[in-house]
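So the structure is just underneath, and the comments pick up after that.
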2 protein chains.
Amino acid sequence: MTDEELMRAALAEAAAAGARGEVPVGAVVAIGGQLVAAAGNEREATSDPTAHAEILALRRAAAALGSWRLAGATLFATLEPCPMCAGALVAARVERVVFGAFDPKAGACGSLYNLCVDPRLNHELTVVSGLAGAEAAELLSTWFARRREPSP
Amino acid sequence: MTDEELMRAALAEAAAAGARGEVPVGAVVAIGGQLVAAAGNEREATSDPTAHAEILALRRAAAALGSWRLAGATLFATLEPCPMCAGALVAARVERVVFGAFDPKAGACGSLYNLCVDPRLNHELTVVSGLAGAEAAELLSTWFARRREPSP
């Protein structure tokens, strides 16, 4: 699968999360263009503060591969990862992160922090930003606008 | 339980993790001095890159409370949390983190980053450092020294 196809899979996960009442963020993990794991945000459904799409996708990929080291893996996320998720990318030794929309309020892959590119940490990864970013941002802004509408 | 007793529980989790072949780090979550959840590092046993003691303790506390918002909670960790774990403390709206040893190579609560005290993020928490730090550091240095010994 191409990067664009993999990001489309992440967008589908984001849309499904939004339909379930979760903030619509999705992520997939791929190795050599092969999709290994996918997840949407599940924080509300599971009451788990760490159940961001990126964390779930990384955990599922590690379970599928039987290793916490995700060497050669790329994580595709619809939204710029937060500090927790960017830190998890480093902890999992992910090779590359590709994200859609920037998150100026919490982004840790360029906006507020750049945790994935810090030579003091024991791993660094390539960061690609803005792939299908407009679609990812649109999903989020539509979801938040609906949430603010008064109930009928 | 006092802060010292709760840190002692975290140290016991760290020692148990070390005995299982994991890097010896432990964490507990308490609310109002009551222990809610405890965990040691399980990264090797579970092949989960996110299975640091702090993440597991936060997830178990949220499961016990039925909420991802850990309002009023304190996390006690034997080692300064890394970026992933510090970000999780923010994501879980933890009120206070108390840690033992500083981690100059990956610490994100004062050493390399100070993710818990950043007014740009949507939550800030109190950071207390150095409680039983010598014991926590000793557990780690002994464990790594044993690991470097040649096999018989």
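Can you tell me the order of A:35-41, B:11-17 when each peptide is scored by its average per-residue count of other Cβ atoms within 10 angstrom, highest first?
Details: A:35-41: 22.9, B:11-17: 20.9.
Ranking, from highest mean packing down: A:35-41, B:11-17.
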Principal axis extents for the stretch B:4-61, Cα atoms only, whole Å, descending order, please.
33, 20, 9
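Using just the alpha carbons, could you tell me how many Å³ per residue the convex hull of the protein assembly as shown encloses?
Residue-normalised Cα hull volume stands at 128 Å³.
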Can you tell me the alpha carbon radius of gyration of the stretch B:81-152 divided by the globular rule-of-thumb value 2.2 N^0.38 Å?
1.32
List the distances, in nm and shortest first, from the label point of B:S129 to the matching label points in every other copy, placing each point 7 Å from Cα along the Cα-to-Cβ direction.
2.8
Given the protein assembly as shown, what percent of its DSSP beta bridges are antiparallel, to the nearest 5?
55 percent
Treating only the Cα positions of the stretch A:38-112 as identical point scatterers, give the base-10 log of I(q)/I(0) from the Debye formula at each q in 0.11, 0.15, 0.22, 0.27 Å⁻¹.
-0.25, -0.46, -0.99, -1.35
Spelling it out for A:V98: with amide H atoms placed in the peptide plane at 1.01 Å from N, the residues 5 or more places away or on another chain with amide H under 5 Å from its amide H are A:L75, A:F76, A:A77, A:V128
Applying the Karplus parametrisation 6.51 cos²θ - 1.76 cosθ + 1.60 with θ = phi - 60° to the phi angles of the stretch B:109-122, what ³J(HN,Hα) value in whole Hz is obtained for each residue in order, glycine and proline being reported as x?
10, x, 6, 9, 9, 9, 5, 7, 10, 9, x, 6, 7, 7
Starting from a label point 7 Å past Cα on the Cβ side, list the distances from B:S47 to the same position in the other copies, nm, shortest first.
3.1
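Just want the ordering: B:V94, A:V98, A:V127, from fewest to most Cβ atoms lying within 10 Å of their own Cβ.
Result, fewest neighbours first: A:V127, A:V98, B:V94.
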Rg over Rh, two decimals, chain B (C-alpha only, Kirkwood Rh):
0.96
Which distances, in nm and shortest first, link the B:A63 label point to the same label point in every other copy, taking 7 Å along Cα→Cβ?
1.2
Just from its helices, what would the mean residue ellipticity at 222 nm be for the protein assembly as shown, if runs of 4 or more DSSP H residues each count -39500 (n - 2.57) and the sum is divided by every residue, rounded to the nearest 500 deg cm²/dmol?
-12000 deg cm²/dmol
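A short reminder: the numbers here are calculations on the coordinates, not readings from a lab. Keep in mind the model is a prediction, meaning the values are calculated, not measured. Note that we place each Cβ from the backbone using ideal geometry, even for glycine, and neighbour counts take in every protein chain shown.
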